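Just so it is clear, none of the values below were taken in a lab; they were calculated from the coordinates. Every value quoted in this text rests on a predicted model; they were computed, and no experiment measured them. Backbone-built Cβ (ideal geometry, glycine too); neighbour counts: all protein chains shown.
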Amino acid sequence: MRSAGRSLPRPDLRAKLSGEAVFGADLAEPGMLHVRLLRSVVAHARIVSLDLDAARQVPGVVCVVTAADLADLDPMWGHYVRDRPILADGVVRFAGEIVAAVAAETPAAAAAAVAEIDVEYDELPPLLDVTAAVAPSAPRVHSGPPRPGFACPPSAVFGDGNDFYRWRVAHTRVEPSGAEDKLVTVAHEYAFPAVYQYAMEPHAVIAEHDGDRIRVSSTCQHPFLVREELALLFGLPVDRVRVSVPFIGGGFGSKSYTKMEPVAVAVARQAGRPVKLVNRVEDAMVTTRRHGMRARMRTVADRDGRLVSRDAEIWLDTGAYADNGPTVTMVAGMAAVGPYRWDRVGVDAACVYTNLPPAGSYRGFGAAHLQWIGESQVDELAEILGMDRLQLRRQNLLARGETMIPGTRPIDADLAGDLAAVADRLGWGPPLPGRQGRGISVGVSPAGASHHSQARVELRGDGRVAVRVGTQEIGQGARTVHAQIAAEVLDLPLDRVEVVPTDTGDTPYDRSTGASRSTTVAGLAVQRASEDLRAALLRTAVERWGVDPAVATLAGGRIVAGDRSWAIEEVGACQGHGDAGELAAGGATMPLFWEVCVAGAQVTVDPDTGQIEVRRAVTAADVGRALNPSLVERQDEGCALQVVGNALFEEMRFSEEGVLLNDTLLDYRIPTVADVPHEMACVIIENGDGPGPFGAKGCGESVFGGLVAALVCAVADAGVTVRELPMSPDRVWHAIRSES
Amino acid sequence: MAARLTVNGEARELDLADNALLLDVLRDELGLIGAKRSCDVQVCGTCTVLVDGTPVSSCCFLAHDAAGREVQTVEGFALEPLWEELAAAFSRHNAFQCGFCAPGFVMTLKPLLAERRLRSRADVVAELSGNLCRCTGYRAIVDAVCEVAGVDPS
């Protein structure tokens, strides 16, 4: 292969390094107004009064918008649950909820007007913890049953309580034998904190609403779903809503689904002019975050080292609005099972409303929450049984073709091989002395989300090829990989292929940029579209020049048949269409593929400070086929650093009143270059077994499940048991003190 | 209040509010979008520009304090041979992903490389700890910089 499979440099890097690349906040429209938001300062309250007079008097202010201005709409949004008002209507459910929006000629005027708005709140007791929220006497965060959103799976069932969604599995493969006295059991409670994605670029939207058309430029990962949601909210046909996307400064889930677009469009509608809304970090932090979680788990093994059963109860704090919480809950529940040959499994995962800011997608969700819990219990059982931890895993691991959860796709990877590769690279062996430890973990997470991806590949008159595909370039390198796929099929040099930014008016449909689906699903659509174009070119050569179809081929931008050849542009404008629908052919079970979460770590714990040093982090990228190995490594390394933050120190902290305390990067620290593990190794495993182009499957999120777990296991191996993340120095220090 | 700044070698007469931030002036008044806004508190480094050759966080730098001084943004530096060298190394290593932080890294690095102040990998790590990147694991960035600085990458 000439393009696919090579570590080619990203074509977009020069523009990003020179400042030419245009991001959301860099955009401007003629006559554009600037929007500033008034956000609630309390977590739960009735809005008694809202005085806007002074704000409206501020010079330069064009309009002040509140819920009262949306009376002609059904202003509730949410792709899974339609539970969220565009602007708070009589009640605020979290500190940070948008109460009013101001549009003004300058940002300064808009900010001044926001400061002039007078709100009187009648405070209500907030629910700030899942335990409090699921208590039988707890008040309801939302009255009335949840309304399914436009992207809610038809099979979803909602309850009336704050635990409005549950994902459960109860499966018995082998009935209990009665020899319970021979079993060993591990059971504990665990907690995972709320954390912030910190895509460095906060959300930015430019919106225009001219009565019967909406035009939006937004930093969104899923422009086609945003288009659908805006059409629904503002009562327009989908083809009257157009969403375009500039370069995106990181997403990690924080820009998935709809975020700031509804309020921006509502203000544009009121103002009758284009508006620009740009979040700051403190806005982004209350826009979406990772779910905090509490869980109980119990794992049972027999004396021979056979894993017998696992039970888990999980409560995920989705905050005041569901966002993608039910999906996170489902994936968390699946991760709790673990890829072992259990006799019995029982998992009950609940998605719980609280009065904290909404939680949604963040890279590796579910697996990040649960894999460390299950894997640390496997380690504890190994310790009790006096077995090697790796060996205990090996003898219980599911093989390719075995089913982890009834009704889901059988395991489609060589987990034992992946585990062996990581153990080998990590240097598995006898226990390390002192406060050093090693950990290894294995898991799988459902990936691909949906087969709905289409692409169009166009040959232009100048012999260059344009790829139109609705995947967003959020830094992962999707445009590079999609260009490589087209270049490979058409046998063109990479610099003759351009992947065009998305405009929903013109780009074929793609459901979303997430769930590690861009290479596998959207990439397959690009491959099929390129093949379609290739066939059209060769067909034209046969018809026009009488070429023998048996020998005609493409090579280096030319149609070649024996000793005759023509530049492809001689065919004229021509295009090919592709669709990834074949992935769902034959009623295939979900997920489209399992993303393999295998990683290893070696750490040193300083008993005096509680500081954990990551000496070695080994990740497995079981990608089927690495279409660009360098980009695969960059994905794993980047994810590894996010894991270092999530596992060791990142945590959103809320006051007793439910107000976010660490809402700046001064107080919410993310990993710097000084936090890079001493050694990072990404083992790329290519078994050609993915459903994507050339046998590829997705990557980029698996390290979250794998490496959080490996770190927890390594720290436990170093003698410190932590059951609440992050493993911050204070928590580790206290854990060490409480042992002695 | 009037202020006279030299930006990327060009003299600019501007009428600025007393509290105007250099980042806003560059982006909104002069259309130089290379410097980005993220943390607003001098932590992330993505708004880094040079004032008289020294990197500053333009999100917290008063535009009037740049009066009479030379400001260089990434758009200016991108015309120099050292930028070409740096960009080529970053490309070889696929060192950035979303690229939102990249202009800040580039501007932090310019004086360090021009003055040959990076003598070891440890120097690179120490000097870059004021620039955040959430996408990469930093390693490829450091590797590329070591290459340009001519220091042992290990």
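What to note about this one:
- Cα convex hull volume per residue for region A:546-612 (Å³): 298 Å³
- Charge tally in the Cβ shell below 13 Å around A:Leu397, where Lys, Arg are +1 and Asp, Glu are -1, A:Leu397 excluded: +2
- Cα centre as origin, Lys/Arg/Asp/Glu Cβ charges: chain A dipole, Debye: 1240 debye
- Cα-Cα P(r), chain A, percent of pairs per 10 Å interval: 3, 14, 24, 25, 19, 11, 4, 1, 0
- For region A:331-437: Kirkwood Rh in Å [reciprocal of mean 1/r, alpha carbons]: 16.1 Å
- Think of the protein assembly as shown as a dipole: +1 on every Lys or Arg Cβ, -1 on every Asp or Glu Cβ, centred on the Cα centre; then among A:Pro202, B:Cys146, A:Ala423, A:Ala423 lies furthest on the positive end.
- Annotation: region A:500-557 has a Kirkwood hydrodynamic radius of 13.8 angstrom, from the mean reciprocal C-alpha pair distance.
- Here the contact order of region A:450-587, divided by its residue count and restricted to Cα pairs under 8 Å and six or more residues apart, works out to 36 percent.
- Backbone N under 20 Å from the A:Ala584 label point (7 Å along Cα→Cβ), restricted to region A:388-426: A:407-410
- Per-residue shielding of B:138-148, expressed as the average number of other chain Cβ atoms within 10 Å of the residue Cβ, stands at 3.
- Expected 222 nm ellipticity per residue - DSSP helices of 4 or more, -39500 (n - 2.57), all of the protein assembly as shown, to 500: -8000 deg cm²/dmol
- Backbone geometry of region A:280-296 corresponds, through the Karplus equation with coefficients 6.51, -1.76 and 1.60 at θ = phi - 60°, to 3J(HN,Hα) couplings of 9, 4, 5, 6, 4, 5, 9, 8, 6, 7, 7, 4, x, 8, 10, 8, 10 Hz, x marking Gly and Pro.
- The magnitude of the dipole of region B:77-149, with charges of +1 and -1 set on the Cβ of Lys/Arg and Asp/Glu and taken from the Cα centre, is near 220 debye.
- Once backbone amide H atoms are built at 1.01 Å from N, A:Asp163 has A:Tyr353 as its partners under 5 Å, excluding neighbours fewer than 5 places away on the same chain.
- Spacing of the two label points (7 Å from each Cα toward its C-beta) at A:Asp730 and A:Leu385, in nm: 3.9 nm
- Shielding value for A:636-643 is 4, the average number of Cβ atoms from other chains within 10 Å of each residue's Cβ.
- Under a Gaussian network description of chain B, with springs only between Cα atoms under 10 Å, the residue in B:Leu50, B:Leu82, B:Leu26 that fluctuates furthest is B:Leu82.
- Binning the alpha carbon pair distances of region B:2-76 at 5 angstrom intervals from zero yields the distribution 3, 19, 33, 29, 13, 3, 0, expressed in whole percent.
- Extension gain, A:Asp181 to A:Asp53, is 38.6 nm, computed as 0.36 nm per intervening residue step minus the present C-alpha separation.
- With a cut-off of 14 Å between beta carbons, the residues surrounding A:Val560 carry a summed charge of -1, where Lys and Arg count +1 and Asp and Glu -1.
- Amide H contacts of A:Gln197 (H built 1.01 Å from N, under 5 Å, at least 5 apart or other chain): A:Arg290
- A:Glu123/A:Asp89 FRET efficiency (R0 25 Å; Cβ-Cβ; nearest 0.05): 0.90
- Centre separation in Å (Cα based) which lies between region A:722-740 and region A:77-103: 38 Å
- Top positive-direction residue, dipole computed over chain B with Cβ charges, set B:Thr46, B:Leu22, B:Cys59: B:Thr46
- Ordered from longest to shortest, the equivalent ellipsoid semi-axes for region A:33-100 are 22, 15, 11 Å, each the square root of 5 times a Cα gyration tensor eigenvalue.
- When every Cα-Cα distance of region A:450-587 is counted in 10 angstrom steps from zero, the calculated P(r) takes the values 13, 43, 29, 13, 2 percent.
- Magnitude of the charge dipole, region A:677-738, Cβ model with Lys/Arg +1 and Asp/Glu -1, debye to 20: 240 debye
- Simple spin-label estimate for B:Ala126 and A:Val238 in nanometres, 7 Å along Cα-Cβ: 5.8 nm
- Calculated FRET efficiency for the pair A:Arg2/A:Phe150, C-beta based, R₀ 51 Å, to 0.05: 0.75
- Neighbourhood net charge (11 Å Cβ-Cβ; Lys/Arg +1, Asp/Glu -1) for A:Val174: +2
- Relative contact order [Cα under 8 Å, 6+ residues apart], chain A, whole percent: 15 percent
- Between the residues A:His369, A:Phe694, A:Ala359, the greatest Cα displacement towards the positive end of the dipole of chain A, with unit charges on the Cβ of Lys, Arg, Asp and Glu, is found for A:Phe694.
- Inter-probe distance in nm under a simple model that places probes 7 Å from Cα toward Cβ, at A:Arg296 and A:Arg564: 7.9 nm
- A full extension of the chain between A:Arg173 and A:Asp212 corresponds to an added length of 8.3 nm, given 0.36 nm per residue minus the alpha carbon distance.
- Take every Cα pair under 8 Å whose residues are at least 6 apart in sequence, average their separation, divide by the length of region B:107-154, and the relative contact order is 48 percent.
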